[in-house]
Amino acid sequence: MPPIIEVQHLSKKYPLGAARAKEDSLRAIVMEGFKSAWRTVSGQKPAGSEDDSGHIWSVRDVSFEVNTGDVLGIVGVNGAGKSTLLKILSRITEPTEGLVKLRGRMASLLEVGTGFHPDLTGRENIFLNGVMLGMTRHEVQAKFDEIVAFAELERFLDTQVKHYSSGMYVRLGFAVAAHLEPEILVVDEVLAVGDMAFQKKCLGKMSEFGQGGRTVLFVSHNMAAVENLCQRGLVLSQGKLVLDGSAKEAVQYYVHNIASRSDGNNTNKVDLRNAPGRRQRMRSLIQELSLYSAGQRPVNGLLPIGAPLKVRVKFELPPSTPDFDIRVNFLNLFGQLIFTARSSYEPQRTWDTRSGLQSFTCDIPSLCLTPGEYRLDVALVLSNSLVDYVEHAIALTVIESDFYGTGQPPNIGLCVMEHHWSDSGEGEAEGRQAANSEGNEARRHFAKEGR
Amino acid sequence: MATTYKPIELVLRPHKGWQAIDVGEIWATRELFNFLVWRDVKVRYKQTLLGGLWAVLQPLLAMLIFTVFFNRLAGIGTDGPPYPLFAYTGLVLWTFFSNSISMASNSLVGNQVLVSKVYFPRVFIPLASIGALLLDLLVSMLLLIVLMFWYHWHVTAALIWFPLYVIGTILSASGLGLILSGLNVRFRDVKYAVPFLIQMGLFVSPVIYPLRYVPARFRLLMGINPMAGMITGFRASVIGGAMDWPLVGVSFATCAVLFVGGLYLFRRMERRFADII
């Protein structure tokens, strides 16, 4: 039996910023026409070739095969080409080169609730969305009750979707998609939205789907989900396929070679002016990030549990900026945000309107994270709008240490937290009276104080 | 368990040049088309006070204004039928045509998510917006019947030909709608040009004035405007009056060219929609 999906030397080229703007305005085209006519008349050569200079290869020479029943996870940082690949597979856009052979009915879910119309009711949108995703009206009808039950929206069926909360909207959208029965299901990052409980429900539904012998292509930043759900994994980096193996291998590779590939691995200071992790359409205002521990000692990527950490960020502000918020986000390698430190959270602010280059330090007395690798993202917000965001600005490894002072380094869970245990004195005691056992020996001192 | 391998194979590869429309695919997914038409019908008059009444108000008000200004004040006469009836007959098709063009040309841009996040034959989007207007056309034709009773105007055997002109109108509106909607994805200039084109169109179509106001030597040229022929023919078949076969013939040819050309042009433009919308 031939593979259900065959991808051969697939490439997709997009025009880049300037080139694109040039192509797409009618005035520019007319001007270009005049210019080239002038060049013909005057015998001038056109300045520079438009060839590859103004283009970006979003997907470059990617080949792989997927067999029926494979559950394939595709991982990579933002801009690695995952979404473009899915768009080609779902026929939304054509490849520039190469080809794809599909041998089964495909449904793709690049967004939750695609085509929902705000003015239609939940009931009406279930039909519209279902048919749009490839079901027939009868299939939707047959599954209608199941869909409604899955979304837990029985009471709001005849309410216009525009009155739904975003959570309800996502639930309805996923509920419809979850009841599709294609041979190939393509899912892009849609689980990043919605509350935790519902996310779990969706993941459950997806793994059910995979176990039913159907083929799933799944793009996610959630490494835990990829590892749990998928058997196979692909890693994309800068449009190229860099690894095709088991899901575990892909996650390992992503974690060690891609996500933590930061120039700051062995240094405490990174220049972020041209950081590859800067999100698209962001202004390059964040310039530098550096890490220190107590007493200005540089932190070179390693930090014991509970140690103090100072994060210094240098960034540029436009003239007379009254309202800015510089943020440092701590994420684990599953892409989960652990916590965010924001200058706007500072109760005793000593700054107001500022211009030009700034250097701010975030002082964390004790970084209470369990051992493992973390990444720091930096964001700059001006007047409530995000103007700069650098992902993977620096990597940080928290190493084991005797945080609780008991010789048992904590290493499970997400964080460590100061806590105390004591005997409440209401249980049965051995030998002595319960009241006496509530002694001082039960109290412990915390390692944190010793640092 | 027997492997139920179906030999259907879909190959996705880059395309260049002209391609025919995939009729098989459109037939297979026609249910979605019906849903999109239904959606556009349901949504169109949402949150309006008068709702579906707009379908008749538009041509009716235009008829009143035309009667006052062009008939009473400017003295434009007809070749028989009362002027209001004459104007309304033209307006039935013209209103449908102009609404179709303006709705369809904005349809793709107004449904960006559908273009960039899900696949189905893209022709459905502009065509569904026109399909939804068929209901308005029907309603305004019912009012035409009422008007004919009001004026005690009798129909002739020529009436059997009227569906031809309605179909011609639908075809040309679809063709133009497809072309303009596709162009609008790339050049938002279309959005500003369309209202102007529609205004111009009203003057080069015999909606306000009968054909005898147009010198005979310009009639064939006028036929290049598909609505010139469709309105002339529709009027002649429904309320009688001047008929100009050469003009109507040219218009039918334009309708066919617009429709087929529109499908091919759209197919050619559609490949880049998701990338540039």
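Please treat every number below as a calculation from the coordinates, not as lab data. Given the structure is predicted, the values throughout are model-derived calculations rather than measurements. Because the Cβ atoms are built from the backbone with ideal geometry, glycine has one as well, and the counts that use them run over all protein chains shown.
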Quiz item: Angle between the Cα long axis of helix B:54-66 and the longest principal axis of chain B, 0 to 90 degrees, nearest 10?
Solution: 40 degrees
Quiz item: Under 19 Å from the Cα of A:Lys101, which aspartates and glutamates turn up, not counting those fewer than eight places away in the same chain?
Solution: A:Glu6, A:Asp61, A:Glu65, A:Asp70, A:Glu183, A:Asp244, B:Glu9, B:Asp22, B:Glu25
Quiz item: In which sequence would A:Leu234, B:Leu10 go, from the one with the fewest C-beta neighbours within 10 Å to the one with the most?
Solution: B:Leu10, A:Leu234
Quiz item: Among A:Ile88, A:Ile394, B:Ile76, what is the fewest-to-most ranking by other Cβ atoms within 10 Å?
Solution: B:Ile76, A:Ile88, A:Ile394
Quiz item: In percent, what relative contact order does segment B:26-276 have, based on Cα pairs under 8 Å that are 6 or more apart in sequence?
Solution: 26 percent
Exercise. Arrange A:Met168, A:Met135 by Cβ neighbour counts within 10 Å, fewest through most, would you?
Key: A:Met168, A:Met135
Quiz item: For segment A:57-259, what is the relative contact order in percent, using Cα pairs closer than 8 Å and at least 6 residues apart in sequence?
Solution: 36 percent
Quiz prompt | Of B:Ala242, B:Ala87, B:Ala228, the one that fluctuates the most in a GNM where chain B has Cα springs shorter than 10 Å | solution = B:Ala242
Exercise. Give the long-range amide H neighbours of A:Leu16: residues separated by 5 or more places, or on another chain, with amide H under 5 Å away, using H modelled in the peptide plane at 1.01 Å from N.
Key: A:His55, A:Ile56
Quiz prompt | Violating pairs (Cα-Cα greater than 25 angstrom) within the set A:Lys240/A:Lys269; A:Lys143/A:Lys248; A:Lys162/B:Lys117 | solution = A:Lys240/A:Lys269; A:Lys143/A:Lys248
Practice problem: Rank B:Trp161, A:Leu236, A:Val416 by how far each Cα sits towards the positive end of the charge dipole of the protein assembly as shown (+1 on Lys, Arg Cβ; -1 on Asp, Glu Cβ) and give me just the farthest. | Solution: B:Trp161
